[in-house]
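The values are calculated or read from the model by the stated rules, or taken from the named source; none is laboratory data. Just so it is clear, the structure is predicted and the values come from calculations on it, not from any experiment. Cβ coordinates were reconstructed from backbone atoms using ideal geometry, including for glycine residues, and neighbour counts include every protein chain displayed.
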Amino acid sequence: MQRSPRILPIGVILFAAPFLGSCAGAEDSEATRARDASGDVPTFTVDPSWPLEMPDKWIMGAVTAVFVDAQDHVWVTHLPETLTPEEISAAQDPPLGTCCVPAPVVIEFDAQGNVVQGW
């Protein structure tokens, strides 16, 4: 007995529909509250001097997430594997240069931009 080639796509759709439906219409609650309170969409500005220089010649790759906790500390995750060998020349074996090394994947900054911890 041969199966119809349409069974697999239908099964995938039926399996995924509840999950996709739960995501539809979901909004960031803080952004929604800020917009509802003032009637305007919040705006942000970039501070090129933040964060301050990182310790131990750290350098970050592509940032994947940013989170601010209740203490106004900023948590950042990044992908060190996106850095090129030239960017992390001090981490090569043998070293190609004196700067830099990949930062830990998770870094915590205080509100002033100082590194609190990283792992």
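Figures for the structure shown
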| read-out | value |
| --- | --- |
| Subset of region 72-102 [under 13 Å from G61 (Cβ atoms) and either touching a Gly at 6+ places or on another chain (Cβ under 6 Å) or not in a loop (DSSP other than H, G, I, E, B) (or both)] | V76, T77, H78, L79, P80, E81, T82, L83, A91, V101, P102 |
| Qualifying positions in region 57-70 - outside any strand (DSSP E or B), of a type outside the set (A, V, I, L, M, F, W, C) and surrounded by 10 or more Cβ atoms within 10 Å (Cβ to Cβ) | K57, G61 |
| Pick from region 49-102, criterion in contact (Cβ under 8 Å) with a residue 40 or more places away in the chain and of a type in the set (F, W, Y), ranking: farthest from W119 (Cα to Cα) | W50 |
| Top-ranked residue of region 73-119 - restricted to ones that are at pLDDT 95 or above and of a type in the set (D, E), ranked as surrounded by the fewest Cβ atoms within 10 Å (Cβ to Cβ) | E81 |
| Test: residue in region 47-56 that is at pLDDT 85 or above and not in a loop (DSSP other than H, G, I, E, B) | yes |
